[in-house]
1. Can you compute the modelled spin-label distance between Trp14 and Trp393, with each label point 7 Å from Cα toward Cβ, in nm?
2. What ranking do 477-489, 695-707, 119-131, 650-662 get when scored by the average of other Cβ atoms within 10 Å per residue, highest first?
3. Residues of region 458-511: accessible area per residue at 1.4 Å, in Å²?
4. I need the calculated FRET efficiency for the pair Met449 and Gln573, taking r as the beta carbon distance and R₀ as 35 Å, to the nearest 0.05.
5. Which option, (1) 206; (2) 168; (3) 239, is the value of volume of the Cα convex hull per residue in Å³ that was calculated from these coordinates?
6. For the chain, what's the relative contact order in percent, using C-alpha pairs closer than 8 Å and at least 6 residues apart?
7. How much of the accessible area of region 282-438, probe 1.4 Å, is carbon plus sulfur, in whole percent?
8. Could you derive backbone 3J(HN,Hα) for region 535-546 from the dihedral phi with the Karplus parameters 6.51, -1.76 and 1.60 (θ = phi - 60°), listing whole Hz in sequence and x where the residue is Gly or Pro?
Amino acid sequence: MPDPRPRPRSSRAWIHDGAQGAINAVAWLAVTLTLGLLAFSPLQGQGGAALGIAAAFATVIGGGFVYALAGRTASPAASASSATAVILAALIARLLQDPDVALTGAVGVSAVLACSAASVLLMGLIQIAGGLLGAGSIGLYVPQPVLAGFKNGVALLILMAQLPPLLGLPPLMRLLDGGALAQVHPAATALGLATAAVVWGVARARPHAPAALVGLLAGIAAFAAASWLWPQASFGPPLGQLTERLVWPDALMPLVSGPTAEPARALLQRHAADILQTALVMAVIGSLESMLAAIGVDRSTRTRHHAGRELMALGAGNIASALCGGLPLVLSRARSMLLIQSGAVGRRPIVWSVLTFALLFAAATPLLQWLPRAVLAGIMLTIAWALVDDWTWQLLRRWLRGLGGTFKRGASGNPAALNQSLAMVAVVWVVTVWLGFLAAVLVGLLLSMLVFIFRMKRGLVRSRSSAALHPSRRMYLPAQEAVLQTARQRVPVLELEGALFFGSAERLLQEVDRLLQASPSVVLDFKRIGSIDESGAMALHSLWQRLRLQGVRLLLAGVTPTNALGHLLLTYQCLDAEQAHDCFADLDRAVEAAEALLLAEAASPIDRGAMPLLDVPLLAGLSTAQRETVVARMVELPLAAGDVLFHQGDPADRLYVLTAGSVSIIRRDTVPDQRYVSFPPGMVFGETAMLDGGGRTADAVADTAAVVQVLTRADFDRLSAADPVLAAVLSLNIARHLSERLRSAAVAWQTAGG
């Protein structure tokens, strides 16, 4: 890839940019001609070929020059596009159906052209407004099935428009007209298909070569040779007499003055809705195509464009194109990449390309009138094929594999989702061809919204389980743990994902009603919920109140008054002071609250009071004298709620015995804080790090007012030296304590995994 950085303005750089700009214009000539004929195809028989080719040149000369100066991408090369050309052709076809147009002849055609130019002008104004309002990237959020169906519909419309010239039929003849098939010229069809084959072959063999130009030259050569060898062969009608008018900003003059002013303004008023709708659709589709092309240019040149400014530059280019009677203008990624790959970056090569187009328009137009339409139809056939959406082909291949029996859900995805995507593409495709572009976009967006709501509704609940699969990390006395072993099964736990919004709120209520048992609480895990809208918040508030009347607590995990989801509930007035007590930072804390309710129901509430030091398990098996000896070595340390006993990384030179309150071991470098374990009175902690000499692996924080007894490593060593039997019993008690904690953890893991 050539270096895209700015180069010095040397004479060699000027020559290089000029040469590459000229080559780019010549290479893009065939595409320019075919798009002009496509846009003005409804005017065939009324000078449509001449008008279309003139409009195509006006697009790349007038609009292309303005965009080259205003655009801020690394290569602001613009041209017409097949999608917007088809949309404009549909508008021209509707205008031609107006009875007054048929009655006024040439005046009516001039009025139609002025109205089509007004639509392109409105497109430019809409793009400028969108750029000012910061909507430069909004087109990137068009759902993929809508975009795919639209592109496929445009491809089919292009193909249908090219069938008459490809068969050598007169421009206005339809295939269903009587006697049409009798007038088919096989030589024209062969010439068009041969031209298309050359374009496809060159594009496949040399992806960076100007395939359309090569195909055009090959078609002309084939036509000349065949005409000489078989003079009697008919290749269909040629383009005919083309205009030699200059590119001048007077396309809207028929609306202002002259004999066409009154009928043109009347036509504009009668079809104002059609003209505005066409402008809006062209603005959306053209902006989307251009923004995607700008992203591709950025990636190739390691630059970054400003979407809003680029959209305004496109709007200015379209206004210039409209004033000159041109077509809708888009940023052409293909033209830009041809220049970038040749090392011609910036607007200077584009200006040279515009000048070359102007020279071609002045010099080559008289020669084009003898060119058979079948040659350009063959080139347009390749453009239509290239426009078919690649993503649609991928979906079709997967769908066909499913028909063949090789579709496996685990390996190939979700068959239902695949069918839905293909159905949406098909609907938008049919509506595009049958009802038009605006209807296709609206139907596509409506379908996307409905499918989104359906999928979010079905996907709200990620898993259904009970607290037995998610026991909290609080340690309990053996009698309490025995109660919880069976009682946890009665607490439903719903893990949610996605968004809680108007489309999924009812699903949540149904799930809770279905799983609700004789339990004092229900736990909802919001860890994977990204957002809550007003309807979802109101449904949650209603569920809270309904369960409260039934004596059931609704416990929310991942929702606190200080996090994003809690802020949304507060904003929607759906989180009061009482409900805030039922909100917890994570599932661990929420299940702990559910366990406390279970123990209270079983008349075995959590006792965080005091345990005499002489009764703690660490001193079990010792005589009274030995216990008193150990107690004499221990130092009492009172803690207030929230006090930190030690920090992660602190030296581990002592163990602790909790005799009152509760202490938790917490990792604070995560969001939210990760709790490893919470200890009740009588528990020993900190012993592992003291024995192996490592540092503290987490923080120890007092949950409530607490009292700990501290035994340092030095005092433990003194006890060992003075009374080895006592030290052995202490070590055995520490080992038993560790074993019980590991066994409890293993049971919890097995239950959660089972």
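The values are calculated or read from the model by the stated rules, or taken from the named source; none is laboratory data. Everything numeric in this text was worked out from a predicted model, so none of it was measured. Neighbour counts are summed over all protein chains in view; Cβ atoms, including those assigned to glycine, are modelled from backbone coordinates with ideal geometry. For the accessible areas, the whole protein counts, side chains as well, though only heavy atoms, and no ligand, DNA or RNA atoms are used. Shrake-Rupley method; radii C 1.70, N 1.55, O 1.52, S 1.80 Å.
1. Distance between label points: 4.5 nm.
2. Values: 477-489: 15.5, 695-707: 18.5, 119-131: 23.6, 650-662: 20.4.
Descending mean neighbour count gives 119-131, 650-662, 695-707, 477-489.
3. Numbers: 2280 Å² over 54 residues.
Heavy-atom accessible area per residue stands at 42 Å².
4. On the way: r = 27 Å, r/R0 = 0.77.
After rounding to 0.05, the efficiency reads 0.85.
5. Looking at volume of the Cα convex hull per residue in Å³ for this model, the match is (3).
6. Details: 1374 pairs, mean separation 114.7, N = 754.
For the chain, the relative contact order is 15 percent.
7. Roughly 65 percent of what the probe reaches on region 282-438 is carbon or sulfur.
8. Residue by residue, region 535-546 yields 5, x, 5, 5, 5, 5, 5, 5, 5, 4, 5, 5 Hz.
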